[in-house]
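Q: Take a look at this one; I'll ask things after.
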Amino acid sequence: MCGIIGYTGPLEAKRLLIEGLAGLEYRGYDSAGIAFFRTDSKIQVIKQVGKVAALKEACEGISVGSHCGIGHTRWATHGGVTNENAHPHQAGQVTLIHNGIIENYHQLTEEFQLQDELVSQTDSEVAARVLDRFYQGDPFVAIQKLVGKLEGSYGFCILFADRPGEIYAVRSVSPLVAAYTHSGAVIASDLTALIPYTQSYFVVPEGEIVRLTPYKVQTYDLQTFAKTQPPVMTVNWNMDAAMKNGFPHFMLKEIHEQPEAMKNTILPRLSKGLPDFTDDGIDDEIFRSCTQVHIIACGTAMHAGMVAKTVMEPLLRIPVTVTIASEFRYQQPLIDEHTLVIVISQSGETIDTLAAMRLAREYGSQTLAIVNVKGSTIARESGYVLYTHAGPEIAVASTKAYSVQLAALYLIACRMALVRGKYTKEQARTFLAEFLDVIPAMEEMIKRREEMKAVVTHIINSPDAFFIGRGLDYAFSLEGALKLKEISYIHAEAYAAGELKHGTIALISDQVPVIATATQDNIFAKSMSNVREVKARGAFVILITKEGAKVDGDLADIHIMIPAVRDIFTVFPIAVVLQLIAYYASLGKNLDVDQPRNLAKSVTVE
Ligand code: M6R
């Protein structure tokens, strides 16, 4: 979950590292730290609890002519949020930053008798001390020995005191990307940190060591130390994509970017009005031959899967199961070689999703990953990949990634219906033509954002909020509740509207906000009955329907109407509504919209 950056080259490293960390802060913001070689070739470490801004302040007045260093922004796993536990960690000749979890750090502490040496509670310091024990002047040998001892996940960037100007790195599971650029050599946990310097990069392969010098970035096989050449990749994101561009928050900017992201994800995959994955290299056979679909993901991505289930099952008439990745791993999943496993991940690095996908492959299932970050681990390891083209998503709360994940899933549903004979070409064309109507509908809801702003005055003083709906309305209510709770800290839950009376309705009392969605014609009347039930118990009802829906005048305290797109597509404009409600609630409570407490963007620990 932590952010990592390393730089060596002609530029001033301290400034570059701090700027890089500010861009990586969404990965964790418990503490931040840097280490760099000073002009006298000694290593200096500066670390500070809190955000990168606090580190920047701590660095002020420290004038150095540094050109090589490493930086880290922490999401605490082992040990509290203290300066001692902040990275970098130093042990003898070694200064190291780490992303991941060393699972056997207790055993290593005992084996190497480190108990009296440790100054932090972190697994990372244990790795630093073990590495120092192994270091006899050859970084490659020492790193090889260290890796041989480790269990868990790691991305390390390492400085050795007697090797000024050089950075060494190695990883297992935790991501690292690197590049040699006109401005020097850069390595980072995320592409966004490389974008200011280059659009060409490579993913640090597992089982290899990288050495960065001011003149070169070279990878070496971890066992033989022979030079290797990982494939170079390009990214078409630019700096603007990773900046706020006049918006007060990344989240608001990313909400606004949704119509464009939708077009970028859908339009290149249309051919003669039909979905076409030829350029993605996806073989129709995986759609034709499967007997079931199993969707695996976490958080928002899993909620996209819940929506897909409600769309796919009635259309394809095969079982579509959605499983939380962290649960899937420890079940004995009912999948086999006839199962199409769809894995969804914005980052492509979520550890539970990755592990679940690996397990699915062991079962012989076909895997199709819907991923936003090009070259990420899930993308590389999946049998097939469908990239979403949302550009970098920086706000911790996922918005545009959700919409484009849905877009990809709807395209898949349509293609599957076509190749399985559930749709004629004409029906598929109609589906897609109506699908494209969601883009102006989303634009309209973005323009009408003041309506959602007005709603939140009725929510932000309540400790609880409930989201209710049936069918598809329920599936996207799950995401609405997650959005609200993660950035406004209001306890929010989504319920299938018909289930309320089996317990939860006990929680509905005077003025409790209930966000009720009723956009599905076939169950509209049933949903209205459920809204009536909560209204009768004093709820403050924020009702969301399609334009033209007939609603009794006294039922809703606030009524938001979305454009009348076809029922199965209402999730798209409603996603905008629910995201904006959460955004303004967070703003209204004066909270940190983009970096909510306890969270990090990319969850690379179990
Ligand atoms: O990168 P991923 O899509 O795999 O991330 C999965 C979840 O951690 C993520 O969707 C999370 O729930 C959102 N940031 C919440 O808004």
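Q: Report, in debye and to the nearest 20, how large the dipole of the chain comes out about its Cα centre when Lys and Arg carry +1 and Asp and Glu carry -1 on their Cβ.
A: About 820 debye.
Q: Rank by packing, highest mean first: peptides 220-227, 5-12, with packing defined as the count of other Cβ atoms within 10 Å averaged across residues.
A: In descending order of packing, they fall as 5-12, 220-227.
Q: By count of other Cβ within 10 Å, fewest leading, how are VAL385, VAL126 ordered?
A: Ranked by crowding around the Cβ, least crowded first: VAL385, VAL126.
Q: Checking the a/c ratio against 1.5 first, then a/b against b/c, what shape does the Cα gyration tensor give for the range 277-349?
A: rounded
Q: Another one. Please give the peptides 175-183, 273-281, 445-453, 394-402 ranked by average Cβ packing (other Cβ atoms within 10 Å per residue), highest first, as a rough proxy for protection.
A: Highest to lowest by the protection proxy: 394-402, 175-183, 445-453, 273-281.
Q: Going by average Cβ neighbours within 10 Å, how do the peptides 48-55, 96-103, 36-43 rank, with the highest at the top?
A: Highest to lowest by the protection proxy: 96-103, 48-55, 36-43.
Q: Something else: Is the range 224-287 rounded, prolate or oblate when judged by the Cα gyration tensor, a ≥ b ≥ c being the square roots of its eigenvalues, rounded requiring a/c under 1.5 and prolate requiring a/b larger than b/c?
A: oblate
Q: How do SER172, SER153, SER529, SER189 line up, fewest other C-beta atoms within 10 Å first?
A: SER529, SER172, SER153, SER189
Q: In addition: Taking 60 Å as R0, compute the FRET efficiency from the Cβ-Cβ separation of LEU555 and GLN136 and round it to 0.05.
A: 0.20
Q: How big is the dipole moment of the range 161-291 about its Cα centre under a simple scheme where the beta carbon of each Lys and Arg is +1, that of each Asp and Glu is -1, and everything else is neutral? Debye, nearest 20, please.
A: Dipole magnitude for the range 161-291 comes out near 340 debye.
Q: Could you tell me which of rounded, prolate or oblate describes the chain, using a ≥ b ≥ c as the square roots of the eigenvalues of the alpha-carbon gyration tensor, with rounded for a/c under 1.5 and, failing that, prolate when a/b is larger than b/c and oblate otherwise?
A: Prolate, since a/c reaches 1.5 and a/b exceeds b/c.
Q: Further, regarding this structure: How about the range 523-557: which trypsin sites (Lys or Arg not before Pro) there lie in a loop by DSSP and see at most 12 other Cβ atoms within 10 Å?
A: The qualifying sites are LYS550.
Q: Fewest to most neighbouring Cβ within 10 Å: what's the order for THR77, THR353?
A: With the fewest neighbours first, THR77, THR353 line up as THR77, THR353.
Q: Another question, then. Among TYR135, GLN218, MET243, whose Cα sits farthest toward the positive end of the charge dipole of the chain (+1 at Cβ of Lys/Arg, -1 at Cβ of Asp/Glu, about the Cα centre)?
A: MET243
Bear in mind that the values in this text are calculations on the coordinates, not laboratory data. Quick caveat: nothing in here was measured; it's all calculated off a predicted structure. Reconstructed Cβ throughout: ideal geometry from the backbone, glycine too, with neighbour counts over all protein chains shown.
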